[in-house]
Every structure is written in C-alpha cells, then in structure tokens.
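This report refers to the structure that appears directly beneath it.
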Amino acid sequence: MKILVTGCAGFIGYHVANRLLREGNQVYGLDNLNHYYDVRLKHARLEQLQNFEQFYFSPIDICDGQALSSLFEHSGFDRVIHLAAQAGVRYSLLNPQAYIESNVHGFLNILENCRQQKVQHLVYASSSSVYGACTQMPFSIHQNVDHPVSLYAATKKANELMAHSYSHLYQMPTTGLRFFTVYGPWGRPDMALFLFTKAIYSGKPIDVFNYGNMKRDFTYIDDIVDGILKITNKIASANLSWSGHNPDAGSSAAPYRIYNIGNQTPVALMDFIHHLEEALGKKANINYLPLQAGDVPETFADIEDIQRDVGFQPQTSIREGIKKFVEWYQSYYADEADMQATPPRVTGWAQPNYFHPPTKLSPCEKDNFTQFLIENSAI
Ligand SMILES: NC(=O)c1ccc[n+]([C@@H]2O[C@H](COP(=O)([O-])OP(=O)(O)OC[C@H]3O[C@@H](n4cnc5c(N)ncnc54)[C@H](O)[C@@H]3O)[C@@H](O)[C@H]2O)c1
C-alpha cells in the first residue's frame, strides 16, 4: 500500500513510518522540519527512515498548498496518516498563529488534497486536550467537547469539525484519533518525561505543576502505533443508527469516526516520577508549582470503542515504558557532551514581559525560544 505519513520526522510520525516500512509498505513522508524543538532529533529520526528503500521524503510545509498538491497529484496515495501539526499546549499561549497556520490552514490543505485525489481513508491526530473543561471520567468520545481550555485544543477540535464537513459533503472517510500523552524512545524534548530525565541526570530541579496533583493516561508509543495502524486499515464508515435527533458525538451518518487512544490507566504524577527515579537510579529534586494556564489536572481515556471496533489493547505498563525510554535516552545521548549540561534556568513562564515571541520566528529566535520552552515546560 502507498501511504503518506505527514510529520514523519516527528515523534509519532517517525514510529508510524518505521513500522509501516517494516511491514513492507511504500511510505511517503513529509515534514517541514521546523525548530519548535531540537531539529537534530528530527534529522536523526529521518536518518533511520532513509535506511528503507521504500521510504520517500519530501521537505514540505502543509501550508504550502502548491507543493502539497503536486505531491498528492504525482504520488496517488491509498491512505493518509496526518500527524504534522504544531503540538504542545503551552506554546499555544505564546505563539497562537503557529497553531492556526499548521493546524487549521494546513489541515484544510490536507482535506482538500485527500478529496481531490480520492484518498481511501484519512486518519488524523486529534488530542485528549479536546476534553478541556470536562471533568467526567473517563473521557468518552460520546460526550460533548465544546469547552477547550487552550488554543491548541481548539485547533484539534476544529480539525474534527472540518473533517466531519468533508466526510458529509464528499463521503470522504475520515477518522480522528485523540491521543493521550504519548511517551517512549525518540520522544519529544518538550514533554515531561524528556525534561525530567534531562534535569534529574544533571542534578537540576524538575518543575512539578499543580503541586504534583496531576494524573495522566500515559500511552506508550508502540501501543499508539498499533492503534493507528489498526484504525488506518479500518476505513471509516457511517453509523447506520446515527440520528440527528439525538446525535452521537463520536460518529455520524457520514463516514466519520472519532476514537480515543489511551492506556485507560491514569498514573499519578508522583508515581510517574518515582518510576523514573527508579529507572535512572537517581532522586529527583522537585520544585512544586501551581497549575499552568491551559493545562488540565487529569486525563483518563475510555477506549471501549476502539477496543470493540479494531481490538486495540495497550500492552505496555508505565514502569516498563519509562525503562525503555531511559535506555534509549542513555544510548542516544551517550556521545553528547551536553547530556549532563543544563542551560541557565529561565524563570517567569507566566511573566508577561519576559518574552514576546514574534509571529514569525527567525531560525535563531526559534532556537532561543525552543530553549526557553524546554526550560519552562513539564507535564
Ligand atoms: N505526543 C503526544 O503526546 C500527543 C498527544 C496528543 C496529540 N498529539 C498529536 O499527534 C501529532 C504528532 O505529535 P508528535 O508528538 O509526534 O509531535 P512532533 O512535534 O514530534 O511531530 C510533529 C511533526 O510535524 C512537523 N510539522 C509541524 N508543522 C508542520 C507543517 N506546517 N508542515 C509540515 N510539517 C509540520 C514537525 O516538524 C514535527 O516533525 C500532532 O498532531 C500532535 O498534535 C500528540
């Protein structure tokens, strides 16, 4: 099968492309290799993928409609797995434009090209963050998610709405996957596990928000990839019992589906830190802080629908997953002199005068900003 994976130099995209290639598929990958985090990690992931003969990479920005159309026209994809996006909740408070560009404008370009080229199935990344102000646990795809608490979440919810309109208008099969805090080898440097590992190694304090009273439904990367591939093979279909009088939020009379992909096991942040300390053989020095704007204190996925429809079953415990991440981190950074080094700590995430990122960051500004981000993010 000929499959396009957008965001293939990213954390999840890299793993998805890798697994598809190992299974003998022809994989086209695209990525704009932006500087949201250390671009060397993106290049290193790409290097791994370049080892496969059946891998073709295009350094394209999904906001570049012309380049994207010509890729679609010349390649004729059977399926599209759309993972390219501006990720991260906190950065959306600082650079909201980046989210509208990649996640809304870019997503429209993906929809349009899938429509024009009659792609059999578009699978795209949504997020657990769409549950926003919802507190009813576990989070179910059948509940209303009209109350996002960050612009990032709003763009992911917008993607689901945009996909529905295309599924309805053009009978175009689309499936949105709400990922729950994905972690594992080759993970994102702006996420808690990476940040904590780096800080604990170098004896620096870790920032723990909401005074440690957080829970996350952490999902190991291999489990996520398994779910994505299972869903990609199950082309979205209409729910024949769907009714506009009592509309189900997770399906439609159009070929449109939404699923949660999580571990269905929320882990307390302090337990997560203890597992990490165990894997590293080192104690963390904790800096307790209040809840950050845009964050939610708990996530918990109801995965009944994806279990029923494709037999998705997460296999990896948090202890085992953290151990695998730490093993990767140690081998990946083994030769890097900066493994132990931590740049000067910047305080004042919430101080409005500290940093005003321009709408368009130059590469140099982006690098500085990435550093700032890494120093100020956690779970
Ligand atoms: N990692 C998680 O825990 C998580 C949770 C929920 C949702 N998601 C979603 O899953 C998807 C993948 O996330 P990830 O963790 O791999 O993030 P990532 O940042 O590692 O990967 C995204 C990739 O997309 C690329 N990209 C961004 N904007 C682009 C554009 N305009 N054109 C082309 N390429 C572009 C980036 O360079 C990056 O390599 C994203 O849509 C993200 O919002 C991730």
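Observations on the structure shown:
- Checking the cross-link pairs LYS118/LYS215; LYS198/LYS230; LYS156/LYS283; LYS42/LYS118 against a 32 Å limit on the alpha carbon distance flags LYS118/LYS215; LYS198/LYS230; LYS156/LYS283 as lying beyond it.
- Mean projection of the Cα convex hull over all viewing directions, computed for the chain: 17.7 nm².
- Ignoring aspartates and glutamates fewer than eight residues from LYS282 along the same chain, the ones with Cα atoms less than 18 angstrom from its Cα are ASP207, ASP271, GLU320, GLU327.
- Residue range of the chain that is longest and free of GluC sites (Glu not before Pro) which are both DSSP loop and sparsely packed (at most 11 other C-beta within 10 Å): 54-335
- Here the Karplus curve 6.51 cos²θ - 1.76 cosθ + 1.60, taken at θ = phi - 60°, turns the phi angles of region 125-136 into couplings of 7, 9, 7, 4, 5, 5, 6, x, 7, 5, 10, 6 Hz, with x standing for Gly and Pro.
- Beta bridges per DSSP with both ends in the chain, % antiparallel, nearest 5: 5
- Equivalent ellipsoid of region 1-147: semi-axes from √(5λ) of the C-alpha gyration tensor, largest first, are 26, 18, 17 Å.
- Partners for LYS157 among aspartates and glutamates (Cα-Cα distance below 12 Å; same-chain residues under 8 apart left out): ASP146
- Only Lys, Arg (+1) and Asp, Glu (-1) charged, at Cβ; region 15-86 dipole about Cα centre in debye: 260
- Applying the Karplus relation 6.51 cos²θ - 1.76 cosθ + 1.60 with θ = phi - 60° to region 5-12 yields 3J(HN,Hα) values of 10, 8, x, 6, 8, x, 4, 6 Hz, where x marks Gly and Pro.
- Built amide H within the under 5 Å cut-off of THR265, gap 5+: ALA301
Each value in this text was obtained by applying a stated rule to the coordinates, not by laboratory testing. Please read all numbers here as calculations on a predicted model, not as lab measurements. Cβ sites come from the backbone with ideal geometry, for glycine too, and all protein chains shown count toward neighbours.
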